[in-house]
1. List the helices (runs of 4 or more DSSP H) inside segment A:1-74, counting only whole elements, that have at least 3 residues being at pLDDT 85 or above and hydroxyl-bearing (Ser, Thr, Tyr).
2. Quick one: B:ASP196 ticks every box in (1) acidic (Asp, Glu); (2) away from chain A (no Cβ under 14 Å); (3) open to solvent by less than 10 Å² (accessible area, probe 1.4 Å); (4) within 27 Å of B:VAL240 (Cα to Cα) except a single one, so which number is it?
3. Tell me, which residue of segment B:582-603 that is of a type in the set (D, E, K, R) and open to solvent by less than 70 Å² (accessible area, probe 1.4 Å) is nearest to the chain's Cα centre (by Cα)?
4. Looking only at segment B:110-138, which residues are over 10 Å from the mean Cα position of the chain (by Cα) and under 22 Å from B:THR25 (Cβ atoms)?
5. Quick check on segment B:514-529. Is at least one of its residues within 18 Å of B:HIS114 (Cβ to Cβ), free of Cβ contacts under 8 Å to residues at least 60 places away in the same chain, in a helix (DSSP H, G or I) and in contact with a helix residue (DSSP H, G or I) (Cβ under 7 Å, 6 or more places away or on another chain)?
6. What about B:PHE336, is it within 14 Å of another protein chain (Cβ to nearest Cβ) and either aliphatic (A, V, I, L, M) or touching a residue at least 40 places away in the same chain (Cβ under 8 Å) (or both)?
7. Do the conditions hold for B:VAL369, that is, is it within 14 Å of another protein chain (Cβ to nearest Cβ) and either under 25 Å from the mean Cα position of the chain (by Cα) or within 23 Å of B:ARG569 (Cα to Cα) (or both)?
8. Mind telling me which of the residues B:PHE272, B:PHE249 ends up being within 14 Å of chain A (Cβ to nearest Cβ) and open to solvent by less than 20 Å² (accessible area, probe 1.4 Å)?
Amino acid sequence: MNKIKNSQTYDVLVSRHNPESASLRGYIIGFLGSIALTLIAYLLTYYHAAGRDVLFGLLAALALTQFAVQLIYFLHVGKEFSPRLKLIVMSCMIIVVCILVGGSLWIMSNLNGRVMPSTKQMTRYMNDQDNL
Amino acid sequence: MSLFNNLAGILGKLSLKQFPHDPLTMFGAGLIVLVPIVIIAILTVTKRWRWLYREWLTTQDPKRIGIMYIIVAIAMGLRGLSDVLLIRTQQAISVGSSQGILSASHFQQIVSAHGTIMIFFVAMGLMFGIINLIVPLQIGARDVAFPFLNATSFWLFFSGMVLINLSLVIGDFSAAGWLAYPPLSELKYSPTVGVDYWIWSLEIAGVGSLLAGINFLVTILKMRVKGMSLMKMPMFCWSVLGSMFLVAFAFPILTVALTLLAFDRDLGTHFFTSGGGGNMMMYVNLIWAWGHPEVYILVLPAFGVFSEVVSAFSRKKLFGYTSMVWAIWAIVFLSFIVWLHHFFTMGAGSNVNAFFGIMTMIIAVPTGVKLFNWLFTMYRGKLDLKTPLLWFIAFAVVFTIGGMAGVLMAVPPIDFQLHNSLFLVAHFHMMIVGGVVFGYFAGITYWFPKFFGFKLNERLGRYAFWCWLIGFLLAFIPLYILGFMGATRRLNHYSASLGWQPLFVVAGIGAVVIAVGVGFQFLQLIFSILQRHQNTSGDDPWDARSLEWSLPTPVPFYNYARLPAVTERDAFWIAKRTHQIDTREYEPIELPRNTPLSMIIGVSILIFAFAIVWHIWWLAAVGLLAAVVIIIRSMDENTTYTISANEVMKLDKLYREGEV
């Protein structure tokens with residue numbers, strides 16, 4: 001490959017600059033890992049493998065694990081080529097995820113407390129909420 | 001007959017019954033079928049197939065991809081407009097004992113199609129079209145970061161467009177509104193394929209948009225020419241950067257929400273059903289967590305266009321550059337924490353509603369900062385009142401009226417009164433048409449001469465502008481009033497005693513005036529093409545400031561023969577004033593080869609989605625072709641070609657002398 005490289009085109013292809021970060025092995029591990037984690041979550045839920053609260057905890061743990069797997073094997077966190085930019089993007093991502101997940105949990109639990117409860121749930125919810 | 005039954009098994013839910021039977025739908029379907037046939041016939045007669053394939057279908061050049069985006073968007077705009085005319089006709093005459101021209105279900109389908117098409121295939125198409133055309137030029141790049149991905153994004157967008165139009169010919173379309181809330185969009189209440197068409201069309205176009213968003217995010221961050229730091233970028237690039245950031249973070253939510261809805265419909269899951277532990281409000285929550293950023297995704301690049309236009313036509317540099325940048329990022333951040341204002345009435349507590357209401361009011365502040373910056377840019381400028389600036393002035397008025405209506409609705413108790421009313425419809429049309437569409441019209445008029453070498457006819461442009469503005473106010477001011485009177489959106493019939501008919505008639509007249517304006521725009525295009533030799537515009541017709549105007553017209557396929565030297569903001573403006581002459585050596589240029597693979601991915605995904613819609617499972621296997629193509633492509637090392645320095649020099653001379 002003796003082609004004369006133009007000064008800027010394709011500079012962004014991280015793999016050409018930093019081949020270790022994008023190995024085939026890493027992608028396959030990430031891919032199979034993601035599939036396995038998804039299947040485990042599905043099967044646990046399908047067979048109701050544990051009690052309600054334990055199952056919720058397990059699913060959340062599996063989701064976070066998959067999040068980490070994809071960050072490491074697909075987005076190569078920790079092996080970055082230009083740390084500053086990646087740090088910015090990463091913090092933005094974490095902020096957005098927190099806003100969306102946290103916001104959705106807040107909104108939906110608030111809604112459930114108000115519109116879908118049994119009397120017992122309603123009482124519990126009202127005791128939790130100072131403003132009601 | 002038994003053969004037919006066998007076939008019916010193979011073809012899933014598809015049968016002859018699914019083709020249209022009533023005259024109006026047959027007419028629409030006929031048009032949808034006729035238009036491609038006419039295009040194919042013209043191409044065959046003029047022997048242009050090879051040209052089309054080589055120059056356009058396989059291209060990796062963002063300028064050509066941008067033009068294709070805009071052509072698709074214009075075609076879809078015509079469809080969206082004809083939907084409007086049907087809706088308004090129906091609402092003007094369907095009073096009391098008269099039922100109008102459309103059945104209730106047909107009317108709901110048309111309203112849903114209008115919203116979906118206008119947002120996903122017109123506004124998004126115009127936006128990505130202009131971004132493809134302008135961003136690489138403004139940052140001094142020869143291409144986008146991932147050219148193949150860029151072409152693939154376009155073809156996914158195109159496939160989504162084809163799928164949504166197929167629904168007019170085969171089967172029906174969703175009647176569940178443009179965001180298809182469950183439980184109405186669940187299988188139980190929408191048993192036909194309409195909602196499936198909606199889901200898969202948006203799924204495909206949405207993934208295309210996501211990929212394009214990531215592409216331009218990386219392009220702007222990594223491909224700027226040497227010397228152009230972020231704070232030296234033209235304001236259009238800043239606003240695109242903000243918008244693409246939102247695309248990258250918001251569109252995955254859409255993909256997930258649609259996938260879960262598809263699971264509910266096709267696999268019997270219970271994510272959004274009332275029974276089985278599902279919660280339909282979770283869908284509304286997810287879709288708006290995408291949907292609110294989407295509004296800003298559309299409007300931010302339009303803001304960027306206005307920044308360029310106002311400064312070019314006031315002959316001043318942009319006022320308050322730094323505050324503009326901060327305003328963009330404030331909007332980006334705030335747009336992620338306001339989504340609940342779309343469903344204040346779902347029953348959440350006052351804490352939740354108050355938080356999102358206040359955040360919504362705050363987002364008006366950075367928008368106001370931007371508006372004042374534009375006005376200050378115009379202040380004591382030497383105004384050149386050409387159509388792009390007229391579009392800006394109309395935008396400033398309309399957007400402010402609509403924006404104030406929005407702040408009003410951000411107050412939860414008031415929203416309880418106005419939720420789902422025509423007041424809301426008037427508000428968001430003022431934002432999307434007054435903000436986004438006017439912005440892209442200004443942008444197209446402004447940048448048109450850069451790519452075609454002649455200006456658009458100014459007189460016809462003004463006629464179009466005034467028709468648009470007057471028609472627009474006629475069409476939407478009555479809706480504010482109707483909204484206060486209690487008229488809800490998607491209303492296909494109402495009682496004569498309500499006294500709404502005169503206002504609906506005025507709104508209908510407004511729609512017709514807008515249609516006349518669109519007619520003038522087509523006349524403008526035709527006349528401008530006919531008179532192109534009288535109206536040649538040169539390389540820099542507006543005496544503008546940013547780098548794209550330094551290029552020869554039409555822009556060479558490699559953009560820059562020598563990469564521009566940038567030391568300051570508005571580098572081209574300074575170069576013009578100081579008469580700098582570029583004496584640097586030419587260097588070889590590496591560019592991507594054309595390839596049909598992007599198109600093949602798009603078509604195979606289209607067939608896949610069609611098969612899923614109709615449950616033709618064997619046909620869905622075609623989707624695997626896309627995966628095969630991606631694998632083949634990723635093995636290909638030979639995806640670029642190089643133009644030698646000598647050739648670049650010769651080409652540059654030819655382009656500069658206008659020989660090409």
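1. Answer list for segment A:1-74: A:24-46.
2. For B:ASP196, the failing item is (4).
3. Result: B:GLU590.
4. Within segment B:110-138, B:ILE110, B:VAL111, B:SER112, B:ALA113, B:HIS114, B:GLY115, B:THR116 meet the criteria.
5. yes
6. yes
7. Spelling it out, it is not the case that B:VAL369 is within 14 Å of another protein chain (Cβ to nearest Cβ) and either under 25 Å from the mean Cα position of the chain (by Cα) or within 23 Å of B:ARG569 (Cα to Cα) (or both).
8. From the options B:PHE272, B:PHE249, the qualifying one is B:PHE272.
The values are calculated or read from the model by the stated rules, or taken from the named source; none is laboratory data. Fair warning: this is a prediction, and the values are worked out from it, not measured in the lab. Neighbour counts are summed over all protein chains in view; Cβ atoms, including those assigned to glycine, are modelled from backbone coordinates with ideal geometry. Accessible surface areas use protein heavy atoms only, side chains included; no ligands, DNA or RNA. Shrake-Rupley method; radii C 1.70, N 1.55, O 1.52, S 1.80 Å.
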